[in-house]
Every structure is written in structure tokens, then in C-alpha cells.
1. Answer with one residue from Leu273, Gly184, Val341: the one whose Cα lies farthest towards the positive end of the charge dipole of the stretch 184-372, charges on Cβ with Lys, Arg +1 and Asp, Glu -1.
2. For the chain, set up a GNM with springs between Cα atoms under 10 Å and report which of Gly117, Gly250, Gly97 has the largest fluctuation.
3. If contacts are Cα pairs under 8 angstrom and at least 6 residues apart, what is the relative contact order of the chain in percent?
4. With viscosity set to 1.306 mPa s at 10 °C, what whole-number translational diffusion coefficient in µm²/s follows for the stretch 1-117 from Stokes-Einstein and a Kirkwood radius over Cα pairs?
5. How many angstrom lie between the C-alpha centres of the stretch 135-162 and the stretch 41-66?
6. Tell me, what is the 1.4 Å probe accessible area of Tyr48, in Å² to the nearest 10?
7. Residue farthest toward the positive end of the dipole of the chain, with Cβ of Lys/Arg at +1 and Asp/Glu at -1: which of Gly258, Val18, Cys319?
8. Hey, in the GNM for the chain with a 10 angstrom Cα cutoff, which one of Val149, Val131, Val85 fluctuates hardest?
Amino acid sequence: MKEDRFYMPVRVFSCREVVRSHAKDLAKLGKKALIVTGRHSAKACGVYDDICAALDEYGIGHALFDGVEENPSAATVMKARDFGVQEKADFVIGAGGGSPMDAAKAIALMIRHASEGRDYLYTKDADSSTVPVVCIPTTCGTGSEVTAVSVLTNEVKHTKGSIPHKIFPDLALIDGKYLAGASGQVLCNTAFDALAHLYESWLNADAGPISRLIAEDGLREWKKCLPVLKKEKQPDPDDYDTLMRAAMLGGMAIAHTGTSIPHALSYALTYHLHVAHGKAVCYFLAGYLKEADQQDASRILELSGFSSAEEFHTAYRLCCHDLEIEDDQLLPVIEQSCKDVSSNPARCAKAPYPCDEDTIRRIAFYARKQEGS
Ligand SMILES: [Fe+2]
């Protein structure tokens, strides 16, 4: 029997009013928090006020860095680090979607290593210890609150990818109420990212019995929200909790396995053509399923409410809409992405089936063929 391993060291609390009810757990982490958010949504959805109230209750200081852009750059991380050091912050709270949470992990690393420069972010086998870091999601996709991954834009190399440091948050606080203000499009793009995590983790060479158990539970939760995503039902508080739970389970699953070919192919679409992450990933997901063992594919499709890869792809197009990018822009990017992914053996090895350049191309161009048919 193949050895099964699982490691998930994040303390997770998930309930209504979780930030206020776990104020004491936040207060234990330090004397002054650097709160890391995007520009608007953390204030709009109420999480910023909740964090301030929780910290104020215990007399913990706080400073706000609200300059995290989508697909945060290493430059932004360094700017926030300098601000955090200047403010004498001794722990970091990242609140928002994947971008503020991923940035928060990297900022916590760089505050801990305050004398180091930008290159430290990309130094392999260096000390990855951080000051304590808390993640509070306000979207339902990334699962970053329970993963060790920090994806940053490398503005020097013109790419986007995970930094080599593995940084699990110390604490994840999850409350579906923060989704209530999200637009239908944000809800769909992020929920489909969560679905991709669940599929890519289950259909992964590194999947094991425990990670598959978690992915399958996530798929069952995700299925419950399909009517909301298709706009057949108005979301209620239980739906928001369920979406958050599906995203968290997707995060736990990929924390173990990593993602696979669809994520690898998607980064160029996001970097060069500004396609939202979840939408870009799912563009390649049906193709990935078509290449898999069909019993396996049917199992996970069924668990998430679809009878076939085609039905999934139709739902994806309905919820996330077509790319609407001209061929002369789109095709060179996909072509290049196919070459990059197929020349990366570690990436190809994530698929649970042999993945040569022809296979990658079939995956990458499946969606386009569907649109043309
Ligand atoms: Fe993702």
C-alpha cells in the first residue's frame, strides 16, 4: 500500500461572527497587528470593522495597509513590509480574497526577516519562518486561508507564480457573511476556482485517501450552491456558509496535492490577458477531465452536480461567461502556455495520466473546440 500522509497545521474556526467571537485568539498573537487588505472590499463587507473591534476589545494596536492589488506584486509586499516594520507590527492579518491573504503571508515572512531584500522572497531553501499570520477570506475561491501557498506577480520576470516559501497561516477565521456583498460575478469566478481546486486535487498524481475524502466533501458542498451560481436561486446565509466551506475544503485538498495542468495553463491568461483567475483556470478544466480515466471523471463530476464534462463546461460558460478575446491575442498566449507547461516535468507529473505536449494541447484547446462546434 502506498504511504498516505497529510499535514494541515492551520487552526481553523468557522462560524457566524467568527472574528468577534475569536478576538481573544487574535489578541494572543502580538501587540500590534498589520492589517493587510485590498483597496475597497474589506471595508465594504465589514471585515475591517470587525477586525478593528476585536483588536480594540483587547487593547491590541493596529495599522492598515490597504494597497494590495489583484495579483499582488513583490514590490507591493516590500512596500507593506517596510510600513509594517515602521509601525512596529508584530503580527499580520490578511483579509480579503486570495490577493490580500497571499500578500499577508509574504509580508509576515519579510517582517520576520526585516533586514533582507526583495530577493529573499524567491530564495529557495531559506528560513521560511514568519511573524504570526491570520487569514480571513471574503471570497469563496482561493482557500489560501488553509494553504501554504503565496502567489505573487514577479514584475521583474513578468510572471505570476508561487514563491518557494511554504507559509501556513497560524489562524484562519471563516464567516460566510462576508460574501453577502460580493457581486454575482465575483461569487461565480471564485466559486469556480474552488471547484477547480477540488477537481485538480482529486485528479492528481499526489492525491491520497485523506485528500480525496476532503475533496469529495468539498464537491458535495459545492453542488448545493450550483442553483445560486446559475442565478436560479437567491443566495441566503446558509448558501454563503456552504460556498466558504467548499472553498476551504478545496484549499485543504490542494494544500496536500498542489494544483495541476489547468492552473498551470491559466497563469498566462491572467498575466497577459487579465482574465480573472477562476475563469481562466476553468477554461481548461473540461479538457483536463476529458483526458482523465472516465470513471474517475464521472465520479467527481457527479459529486459536483454534472453528468458530463460538457455539462460542466456549459455551466461554466453560463456562470463565468466566454473569454471574448480576439484570436490574434488569445491563441499565441495559449500556444506559449502549452509550450511552457509541457517543458516543465514537475508540472506535467501532477496529472494522474501521462501528459506530453499533445495531451497538454488537447486540454488547452478543448474549450475553443467546444465554442466552435
Ligand atoms: Fe486557484
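The values are calculated or read from the model by the stated rules, or taken from the named source; none is laboratory data. On a predicted model such as this, the values are computed, not experimentally measured, just so you know. Every residue, glycine among them, receives a Cβ derived from its backbone with ideal geometry; neighbour counts consider all protein chains shown. When the accessible area is computed, the model is the full protein with side chains, heavy atoms only, and any ligands, DNA or RNA have been set aside. Shrake-Rupley method; radii C 1.70, N 1.55, O 1.52, S 1.80 Å.
1. Most positive-ward Cα: Gly184.
2. Gly117
3. Numbers: 746 pairs, mean separation 56.8, N = 373.
Dividing the mean separation by the residue count of the chain yields 15 percent.
4. D, rounded to a whole number, is 106 µm²/s.
5. Using only Cα atoms, the two centres lie 22 Å from each other.
6. We get 40 Å² for Tyr48.
7. My answer, from the dipole projection, is Val18.
8. Ranking Val149, Val131, Val85 by mean-square fluctuation puts Val85 first.
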